[in-house]
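All remarks here apply to the structure that follows.
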Amino acid sequence: MCGIVAYIGEQNATPIIVNGLKKLEYRGYDSAGVAVLQDNRIEVRRDAGKIARLEALIAAQPVRGMVGIGHTRWATHGAPNQQNAHPHLSSNGEIVIVHNGIVENYLSLRDELLAEGAVFHSETDTETIVYLIERYYAVSQNLSKAVQLTMKRVKGAHGLVVMSSREPDRLVTARLGNAGGVAIGRGAGEMFIASDLPAIVEHTREITFLESGQLAVVSRAGFEVQTLDGAKIQPKTQHIPWDPVSAEKGSYRHFMQKEIHEQVRSLSDTMIGRIDFDDYRVVLPDLNLSSERAKQFRRIFITACGTALHAGMVGKTIIEHLTRIPVEVMVASEFRYIDPIVDANTVVLAISQSGETADTLAAMEEGRRKGATLWSIVNAIGSQAMRSADGTIAMQVGPEIGVASTKAFTAPIVDLYMLAVYLADLRGSITAEKRIDLIRDLLKVPTLASKTLEHEGEVERAAARYKDIRSMLYLGRGINMPIAYEGALKLKEISYIHAEGYPAGEMKHGPIALVDKDLPVLVIAPKDAWYEKMISQIEQAKARGGQVIAVATAGDTLIPDLVDEVLWVPEAPWLISPILTTIPLQLFAYHIATQLGLDVDQPRNLAKSVTVE
Ligand code: AGP
């Protein structure tokens, strides 16, 4: 979950690394640090808290050099304090490491090292790695060899960068498993390393991603990749089409707000290159799919975590409705533990903004092991979930920085819709007229999203009214049921207000007992097939003294008379309605959190990419 940046070149490494870390703060912000080779001595500056504290420390105790490594931490082992902050030094002060991942066998390694006289200064598992490297270096006098041997001893998934004052002309970086990526970027006479592209794309777009089990020796002039057995590898370099401006906040107060508003554009960006306007067809060449193969599929598993999972739930309804292929949606962290029924005619479809979520990647591995066709819908270009799939639909929405996912929720719904139309077309389960209508509906989405956003002021006022509540219920039905889950998740994660999403019909089986004047109920009630049932939910909540906030379709004259607040969405075809009903809920959570004075982009305890199990 942590962020890593490293630099080797002719410039001062410190500001390059610190600026890179700022771009990665969304990955973790418990502590931050840098280590720079200054006059052939490793100088470390690190502190608890956000990068701003590290900057203040560096301003008070400047450090300068042309090689360095940096880290921003999301604590797993050990409290988020200065001692546990990375980088971690070897006992002789000659080797230093930044690390992302968990050393699963760290207790036994620690005992082994303690028995040899090592003195630990932190509670982190990372310290075992640097001491092992030190031990192997003493024998091999070769940094890459020492890292290689160490990587064979540690269990778990890791990404790391190592620097040594004994080998000042190089950095060694390695990756094992899926603990976040290692991207190596080439500049002119300088090289960059980062766990995520936003840290380095302003310097270079020529990127090589390390695969699991690979190690690279990086110098100013270039780099060499090898396996952990030392066999040389010819790495692939990609040009990354990335707009660094989209990773900036611009005139918005928070990335989350910017990303909510960006949906007007991201919803159309995700369609780019996928709609053939000559005959109104979806084209998804990156799925490498023939019509014969499409007809063989008997089941689709959608697997993902958090918000991506909720997008998958919406996708289930769309895909089943249009293709009649049974779809199961499964929490990625459970997928590999319940022996899912997967065979060669099953598709395992992973959805992930980061493409690095450990549980999602593990679910993909399970699908691969069982012989499924593996697809992914991913935002982060070049990420593991993109690379390891047989076919991919890239979200194409640019970097999402706010920890609370917004545009990376609505874009995959569009992608799943396109996938459903594509599969239905290949399998012959929809007529040409139906296909054209479906695509026409889809093309309305960006405009409808824009109309929904016009109501932000009203949502902000509703937020002011409810910001002091302690708990809230979100109810949805049919295709909008997952939107209740997603609305509740948004509120929880950024405002720390307890919220639960429920299928509306489940209310009477228990949760209705909670309803009183202090528990607002948010009811998602657009004009669709479930409208009348949602009206009776509203009546039931009101009859028990509850306050009701409704998401309703513009022009509805009944709902305003029944409820306390209305959040309006424009009229829309039912299959795309969840994309719109979610927008007021994103705004509602955002405005409650900002009115409470909370850190919306970096809520407590969370990290943007969850690269540990
Ligand atoms: C969303 O607001 C969350 N922060 C979180 O649930 C997220 O969606 C989840 O961790 C999955 O991440 P991914 O899309 O990068 O795989």
Practice task
Determine whether residue 401 is within 16 Å of the ligand (Cβ to nearest atom), farther than 27 Å from residue 276 by Cα and assigned by TED's automatic domain parsing to the domain that holds residue 289.
Solution key: yes
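Pick out the one residue from 413, 430 that is surrounded by fewer than 24 Cβ atoms within 10 Å (Cβ to Cβ) and β-branched (Val, Ile, Thr). Can you show your working first?
On the way: 413 fails: surrounded by fewer than 24 Cβ atoms within 10 Å (Cβ to Cβ).
The conditions single out 430.
Just checking, does the range 582-600 include any residue being part of a loop (DSSP other than H, G, I, E, B), crowded, with 18+ Cβ neighbours inside 10 Å and within 12 Å of the ligand (Cβ to nearest atom)? Explain how you work it out, then say what you get.
Start the filter on the range 582-600 by keeping residues that are part of a loop (DSSP other than H, G, I, E, B), which leaves 596-600.
Keeping just the survivors that are crowded, with 18+ Cβ neighbours inside 10 Å gives 600.
Going one step further and asking which of them are within 12 Å of the ligand (Cβ to nearest atom), we end up with 600.
The answer is yes, given that some residue of the range 582-600 is part of a loop (DSSP other than H, G, I, E, B), crowded, with 18+ Cβ neighbours inside 10 Å and within 12 Å of the ligand (Cβ to nearest atom).
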Practice task
Looking at (1) part of a helix (DSSP H, G or I); (2) buried (at least 17 other Cβ atoms within 10 Å of the Cβ); (3) not assigned by TED's automatic domain parsing to the domain that holds residue 280, find the lone condition where residue 439 falls short.
Solution key: (3)
Problem - Residue among 114, 89 that alone is surrounded by fewer than 23 Cβ atoms within 10 Å (Cβ to Cβ), of a type in the set (A, V, I, L, M, F, W, C), under 25 Å from residue 14 (Cβ atoms) and more than 27 Å from the chain's Cα centre (by Cα) - result: 89
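Every residue, every condition in (1) touching a His at 6+ places or on another chain (Cβ under 7 Å); (2) within 26 Å of residue 610 (Cα to Cα); (3) crowded, with 16+ Cβ neighbours inside 10 Å; (4) outside the structural domain of residue 488 (by TED's automatic domain parsing), yes or no:
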site: 271; (1), (2), (3), (4): no, no, yes, yes
site: 276; (1), (2), (3), (4): no, no, no, yes
site: 284; (1), (2), (3), (4): no, no, yes, yes
site: 302; (1), (2), (3), (4): no, yes, yes, yes
site: 315; (1), (2), (3), (4): no, yes, yes, yes
site: 325; (1), (2), (3), (4): no, no, yes, yes
site: 334; (1), (2), (3), (4): no, yes, no, yes
site: 349; (1), (2), (3), (4): no, yes, yes, yes
Exercise for the section: Would you mind telling me which numbered condition in (1) over 23 Å from residue 241 (Cα atoms); (2) within 15 Å of the ligand (Cβ to nearest atom); (3) modelled with pLDDT of 95 or more residue 420 fails? Expected result: (2)
Practice task
Go through the range 203-227 and give me each residue that's more than 23 Å from residue 101 (Cα to Cα) and outside any strand (DSSP E or B).
Solution key: 203, 204, 205, 219, 220, 221, 222
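A quick yes/no check of all residues on (1) on the phi > 0 side of the Ramachandran plot; (2) surrounded by fewer than 20 Cβ atoms within 10 Å (Cβ to Cβ); (3) modelled with pLDDT under 95:
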position: 357; (1), (2), (3): no, no, yes
position: 360; (1), (2), (3): no, no, no
position: 376; (1), (2), (3): no, no, no
position: 380; (1), (2), (3): no, no, yes
position: 387; (1), (2), (3): no, yes, yes
position: 401; (1), (2), (3): no, no, yes
Practice task
Could you list, in sequence order, all residues of the range 15-32 that are out of contact with any Gly (no Cβ under 9 Å at 6 or more places or on another chain) and closer than 19 Å to residue 249 by Cα?
Solution key: 19, 22
Exercise for the section: Being closer than 27 Å to residue 81 by Cα, among the aliphatic types (A, V, I, L, M) and assigned to a helix (DSSP H, G or I) is the filter here, so list the residues in the range 124-154 that pass it. Expected result: 129, 130, 132, 133, 147, 151
Practice task
Please state which of the following conditions residue 184 fails to meet, knowing it meets all the rest: (1) without any contact (Cβ under 8 Å) to a residue 60 or more places away in the chain; (2) over 18 Å from residue 6 (Cα atoms).
Solution key: (2)
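I'd like to verify a number: residues in the range 184-202 that are surrounded by fewer than 21 Cβ atoms within 10 Å (Cβ to Cβ) and assigned to a loop (DSSP other than H, G, I, E, B), how many? Step through it out loud before you land on a result.
Here is the first cut: in the range 184-202, the residues surrounded by fewer than 21 Cβ atoms within 10 Å (Cβ to Cβ) are 186-190, 202.
Subset that is assigned to a loop (DSSP other than H, G, I, E, B): 187-190, 202.
Here the count works out to 5.
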Problem - Failed item, numbered, when residue 27 is tested on (1) touching a residue at least 60 places away in the same chain (Cβ under 8 Å); (2) more than 15 Å from residue 200 (Cβ to Cβ); (3) charged (D, E, K, R) - result: (2)
Practice task
Would you confirm whether any residue within the range 265-275 is under 29 Å from residue 488 (Cβ atoms), part of a loop (DSSP other than H, G, I, E, B) and more than 20 Å from the chain's Cα centre (by Cα)?
Solution key: yes
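The values are calculated or read from the model by the stated rules, or taken from the named source; none is laboratory data. Just so we're clear, the structure is a prediction, and the values are computed from it rather than from any experiment. Using ideal geometry, Cβ is built from the backbone for each residue, glycine included, and neighbour counts are taken over all protein chains shown.
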